1. With a cut-off of 8 Å between alpha carbons and a minimum separation of six or more residues, what is the relative contact order of the chain in percent?
2. If you count, for each residue, the other Cβ atoms within 10 Å and average over each peptide, how do 104-110, 133-139, 154-160 line up from highest to lowest?
3. Specify the inter-centroid distance of the stretch 49-67 and the stretch 131-190, based on alpha-carbon positions, in whole Å.
4. With all protein chains present and a 1.4 Å probe, how do Met1, Met184 order by accessible area, largest first?
5. Local charge sum around Asp84 (other residues, Cβ-Cβ under 13 Å, Lys/Arg +1, Asp/Glu -1)?
6. Taking R0 as 22 Å, what FRET efficiency do you get between Cys86 and Asn175 from their Cβ-Cβ distance, rounded to the nearest 0.05?
7. Go ahead and run the numbers for FRET between Glu146 and Asn2, Cβ-Cβ distance against an R0 of 30 Å, rounding to 0.05.
Amino acid sequence: MNKPFSQSCVENQEVILNAISSYLKKDTRVLEIGSGTGQHAVYFSSNFPRLCWQTSDLAEYLPGINAWIEEANLPNLTQAVELDVCVRWPENKYDVIFSANTFHIMNQAQVQQCMRRCVNCMEPEACLIIYGPFNYNGSYTSTSNENFDHWLKSRDPESGIKHFEWVNQLAQDMNMQLVDDIEMPANNRILIWKNETLGDQS
Ligand SMILES: C[S@@+](CC[C@H](N)C(=O)[O-])C[C@H]1O[C@@H](n2cnc3c(N)ncnc32)[C@H](O)[C@@H]1O
């Protein structure tokens, strides 16, 4: 099959990797939510050969992700698994859960489910790393984010840029503590929470 391609992945992969590299220690098991094309997974796992990177997405995305994975043929990058944040989660535990550009695509209920259920897949002290645009203090951080949000809502009225404070409260409700909030190019952020729970949350 023709591999799907995202130009924005090419443009942001290096800056994301540099920002989160200190959280990707050797032998880290990573679960990626909403892998999209699979390009981030190939880039990150080829740059960090000791990582074990598990891609996931809705079922219709899996063939495209797997086309990238098969071509890359990396020992630390396994076939994508189906993961809808409201429905299906892996049984395994991970050291890092990573997701890029998914929260503004999801509706509020989906983001809530993601924040509530991801903890069950996290080891104690595991990190949740979310990349994308966020609003702060009830406001857009830029005109381009405002325009982007209007465009998102014209396609799907339930989608849109989420408020940092709301997502952070969801994280705190699940006993995750914000450890980093990194300004990124193009009015994006990287938010990182640490799981402070020792047991299962189900
Ligand atoms: C804009 S794309 C981002 C893809 C990729 N992470 C990137 O940065 O290029 C949004 C992704 O969120 C995924 N997504 C949307 N709703 C989801 C859900 N309920 N559960 C899991 N993934 C979802 C989509 O399938 C898609 O892959």
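The values are calculated or read from the model by the stated rules, or taken from the named source; none is laboratory data. The structure displayed is predicted, hence computed values, not measured ones. FYI the Cβ positions are ideal-geometry reconstructions off the backbone, even for glycines, and counts take in every protein chain you see. Only protein heavy atoms, including side chains, enter the accessible area calculation; ligands, DNA and RNA are left aside. Shrake-Rupley method; radii C 1.70, N 1.55, O 1.52, S 1.80 Å.
1. Numbers: 373 pairs, mean separation 36.6, N = 202.
Relative contact order, the chain: 18 percent.
2. 104-110, 133-139, 154-160
3. Cα centroid of the stretch 49-67 versus Cα centroid of the stretch 131-190: 24 Å apart.
4. Working: Met1 155, Met184 15 Å².
Sorted by accessible area, descending: Met1, Met184.
5. Values: positive: Arg88, Arg117; negative: Asp57, Glu60, Glu82.
Neighbourhood net charge equals -1.
6. On the way: r = 21 Å, r/R0 = 0.96.
About 0.55, to the nearest 0.05.
7. Numbers: r = 34 Å, r/R0 = 1.14.
Computed FRET efficiency for Glu146 and Asn2 comes out at 0.30.
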